[in-house]
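What follows is one structure encoded as structure tokens, with my remarks underneath.
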Amino acid sequence: MKNKNFEENDFNDFVTSCKKNVLKMAKNGGCFIGSAFSCIDILAYLYSNIFDIEKIKKKTLDRDILILSKGHAVAGLYAVLAQVGIISKDRLENYLTIHDDLYWHPNPNIPGIEFHSGSMGHGLSIGVGMAFASKLSKIDNKIFVVLGDGELNEGSVWESILIANAYNLDNLIVIVDRNFRQANLKTEELIPLESLQDKFSAFGWGTLLCNGHDINDIQKSFKEISNNALHKPKVIIANTVRGNGIPLMEDNSKFWFGNFNEKELEEFNKILDMENTKK
Amino acid sequence: MIKMEPYELKLLSMIEKDKKIVLLTAENRVSLRNIPEKLNQNFIDVGISEQNLIGIGAGLAKLGFLPIMHGMSAFLTMRAFEFIRTDLGYPSLPSVLVGTFNGLSATANGTANGPTHQAIEDIALMRLVPNMTVVAPSDLTETLEILDNLSKLNGPLYIRDSNFESMSIKRDPFVWGKNECIVKGDNVAILSYGTMLDICLKVSEKLSEKSFSHAVYNMRFLKPIDKDVLSEIFKNFEKIFVVEDHISIGALGSIIKEFAWENNKDNKIFFINLRESFFRPGNFEDAIQNTELASGKIYGKIINS
């Protein structure tokens with residue numbers, strides 16, 4: 001895992017470009033825009049600063065692997081994969097067309113997608129299996145799994161959390177996209193998760209909290225985690241806002257999913273540019 | 001000095017040759033008791049969590065390992081069904097599921113467990129999974145033969161492992177994907193697999209004593225089904241008895257009905273199975289006597305047909 005140097009402004013431009021492509025997907029048939037904008041800063045950071053893009057393209061055995069377990073946020077991942085050149089930006093035009101595999105959940109026919117997802121509570125067990133595989137192959141890489149907080153309702157996730165601790169899978173890093181919302185309700189109103197950090201700690205994991213939209217905080221957390229010698233799996237609980245970046249959408253349950261017309265698209269693009277210049 | 005069982009020895013020798021084979025279990029060690037102390041890394045016990053057993057196996061398989069996942073058939077195929085279907089079936093990952101204690105499992109008196117542990121719909125479920133191969137060996141010899149053929153897999157395999165002993169019967173050399181005729185004869189064909197094959201061979205002995213001509217087929221490969229053998233059976237036998245320790249839906253009985261309908265066959269077919277019910281738990285002999293699958297009852301149905 002390496003940390004590249006980058007300029008904060010460049011990063012903000014990078015994310016804004018990605019978000020514009022997500023908006024385009026929301027116009028071309030709709031996507032889970034709220035979820036995508038919630039974790040897109042983290043995804044953008046991983047692909048622009050941590051991952052070796054050439055290794056991912058060539059699928060080398062020692063590449064870092066990302067599993068987007070909250071698969072419905074995939075529009076954000078498609079946009080990031082296009083932004084770093086793992087897939088072409090032209091390919092995004094195929095979104096939801098029958099002859100390509102860019103639909104509402106990830107499919108491994110898309111370069112950069114390591115495993116399909118969509119059904120909640122699978123991705124971490126897949127990631128645990130991959131972490132075992134790396135250990136068996138003596139490969140020094142990292143397996144990153146992005147979980148939704150609503151997804152933590154699934155018992156299978158907690159099985160994985162127990163097992164990863166039991167086997168000291170220190171090559172496994174989970175990022176919880178903690179936007180405090182699940183499909184219809186606030187997490188704390190339905191099935192409260194707090195104190196989530198204590199829960200992970202109690203299960204033996206190394207834990208960190210970060211602001212999932214603050215690039216400096218994200219970078220600090222990933223640096224801290226890569227320097228952490230604890231022989232345990234680790235989790236970054238990234239506090240996020242669903243629909244982050246467009247005030248109208250932020251923490252608004254109406255914008256978990258978005259399906260926009262041309263006019264709305266233009267308007268939201270303008271807002272993104274405005275918000276970016278504010279930073 | 002530990003006495004290793006043949007199944008364990010086979011797995012160890014496979015791993016010695018191929019370090020990409022990983023044994024996993026959801027704390028079902030009945031056929032793997034001596035494995036942990038012989039293996040360091042290629043054995044993973046995930047504890048009582050069948051969903052993760054499959055998810056972890058899928059992660060390993062995706063990165064080029066061959067996971068052999070063990071569990072009790074009921075929990076393996078039902079608790080983890082969606083993981084099997086979605087994470088192994090859809091991507092067609094070469095992988096092996098070894099289910100123990102299924103149907104009227106005689107081994108270790110498996111019939112005593114009661115309804116929670118009864119796997120009487122496992123074949124139906126595994127047949128539903130895309131790209132899945134389903135095989136129900138009748139004894140240890142067949143199970144070991146199956147393990148010798150894992151390089152042929154291009155998707156997941158479900159082994160309905162029911163009998164940890166070898167039967168002393170004469171049989172043709174094992175051929176992957178092929179079912180076999182064990183007793184040759186005319187008029188009546190008895191089709192079975194797994195635990196029930198042994199029972200059917202007892203029925204066969206009694207029928208032979210009465211000079212009642214019949215054949216017995218071992219229908220171990222249930223998906224994909226061996227159509228050559230089915231064509232032979234429908235061509236040569238007026239009456240076909242399908243005997244299985246499974247509910248009436250979705251297993252061999254259904255396969256035979258589908259084949260007959262697709263091929264316009266009007267042979268007389270009799271189905272002997274668990275119908276749609278759980279069986280009463282108890283010692284194996286008592287449990288089987290309480291079902292339609294007792295050898296005496298099967299014999300009576302055939303001889304009076």
- the stretch B:180-303 - Rg over Rh from alpha carbon coordinates, Kirkwood radius: 0.95
- Determine the gain in length on full extension of the stretch A:GLU194-A:LYS57; use 0.36 nm per residue of separation and subtract their C-alpha separation, reporting nm with one decimal. 45.5 nm
- Query: How high is the relative contact order of the stretch A:9-278, in percent, counting Cα pairs under 8 Å that sit 6 or more residues apart?
  - Reply: 24 percent
- Rounded to the nearest 20 Debye, what is the dipole magnitude of the stretch B:6-160 about its Cα centre when Lys and Arg each give +1 and Asp and Glu each give -1 at the C-beta? 260 debye
- Would you please classify the overall shape of the stretch A:139-246 from the alpha carbon gyration tensor, given that a ≥ b ≥ c denote the square roots of the eigenvalues, rounded means a/c under 1.5, and beyond that prolate means a/b larger than b/c while oblate covers the rest? oblate
- Roughly what % antiparallel, to the nearest 5, for the DSSP beta bridges in the stretch A:9-278? 10 percent
- Query: Hey, if you drop one equal point scatterer on each alpha-carbon of the protein assembly as shown and run the Debye formula without solvent, what base-10 log of I(q)/I(0) do you get at q = 0.06 Å⁻¹?
  - Reply: -0.38
- Task: Taking 7 Å along the Cα-to-C-beta vector as the label spot, tell me the B:ASN236-A:HIS99 distance in nanometres, rounded to one decimal.
- Result: 5.2 nm
- Task: Please go through the residue pairs A:LYS58/A:LYS234; A:LYS70/A:LYS234; B:LYS206/B:LYS301; A:LYS232/B:LYS38 and name each one whose alpha carbons sit more than 22 Å apart in this structure.
- Result: A:LYS58/A:LYS234; A:LYS232/B:LYS38
- Query: Just for chain B, what percent of DSSP beta bridges are antiparallel, to the closest 5?
  - Reply: 15 percent
- Any idea what % of Cα-Cα pairs in chain B are farther than 25 Å? 47 percent
- Query: Each label point is 7 Å from the Cα along the Cα-to-Cβ direction; what then is the distance between the points at A:LEU162 and B:ILE2, in nm?
  - Reply: 2.4 nm
- Of B:LEU140, B:LEU60, B:GLY89, which is farthest along the charge dipole of chain B in the positive direction, counting Lys and Arg as +1 and Asp and Glu as -1 at C-beta? B:GLY89
- Positive minus negative residues near B:GLY64 (Lys, Arg vs Asp, Glu; Cβ under 12 Å): +3
- Query: Do any trypsin sites (Lys or Arg not before Pro) in the stretch B:27-103 lie in a DSSP loop with no more than 14 other beta carbon atoms within 10 Å, and if so, which?
  - Reply: B:ARG29, B:ARG33
- Query: Translational D (Stokes-Einstein, µm²/s) of the stretch B:1-153 at 4 °C and 1.567 mPa s when Rh comes from the Kirkwood sum over C-alpha pairs?
  - Reply: 83 µm²/s
- the stretch B:180-303, relative contact order [Cα under 8 Å, separation at least 6], %: 28 percent
- Query: Given the options A:ASN141, A:ASN184, A:ASN252, which has the most mean-square fluctuation in a GNM of chain A, springs set between C-alpha atoms less than 10 angstrom apart?
  - Reply: A:ASN184
- Note on the structure: Taking Cα atoms only, helix B:227-236 is inclined relative to the longest principal axis of chain B by an angle, in degrees rounded to 10, of 10 degrees
- Item | When the convex hull of its Cα atoms is projected in every direction, mean area for chain A (nm²) | 13.4 nm²
- Message: Kirkwood Rh over alpha-carbon pairs of the stretch B:120-256, then Stokes-Einstein at 20 °C and 1.002 mPa s: what D in µm² s⁻¹, rounded to an integer?
- Response: 141 µm²/s
- Item | With Cα atoms, 0 to 90° folded angle of helix B:195-209 axis to chain B main axis | 30 degrees
- Please identify the GluC sites (Glu not before Pro) of the stretch B:134-167 that satisfy two criteria: DSSP loop assignment and at most 16 other Cβ atoms within 10 Å. Which are they? B:GLU165
- Message: Restricting to bridges with both residues inside the stretch B:180-303, how much of the DSSP beta-bridge set is antiparallel, in percent to the nearest 5?
- Response: 20 percent
- Charge dipole (the stretch A:9-278, unit charges on Cβ, about Cα centre) - positive-most of A:ALA79, A:SER226, A:ALA131: A:ALA131
- Dipole moment magnitude, nearest 20 debye, the stretch B:180-303 about Cα centre, only Lys, Arg, Asp, Glu C-beta charged: 200 debye
- Query: Got a sec? Charge dipole of the stretch A:9-278, +1 on Cβ for Lys and Arg, -1 for Asp and Glu; which of A:GLY204, A:ALA26, A:THR277 is way out at the positive end?
  - Reply: A:GLY204
- Restricting to Cα pairs under 8 Å and 6 or more apart, the percent relative contact order of chain B works out to 15 percent
- Message: Set the bar at 32 Å for Cα to Cα. Now go through A:LYS55/A:LYS254; B:LYS17/B:LYS170; A:LYS199/A:LYS270 and name every pair that lies beyond it.
- Response: A:LYS55/A:LYS254; A:LYS199/A:LYS270
- Qualifying trypsin sites (Lys or Arg not before Pro) in the stretch A:102-167, DSSP loop, other Cβ atoms within 10 Å at most 11: A:LYS138
- Query: Once the piece of chain linking B:TRP261 and B:VAL175 is laid out straight, how much longer is it, given 0.36 nm per residue of separation minus the C-alpha distance between them?
  - Reply: 28.2 nm
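Every number in this text was worked out from the coordinates using simple rules, so none of it is lab data. Source: prediction; values computed, not measured. So basically every Cβ, Gly included, is an ideal-geometry build from the backbone, and we count neighbours across all protein chains shown.
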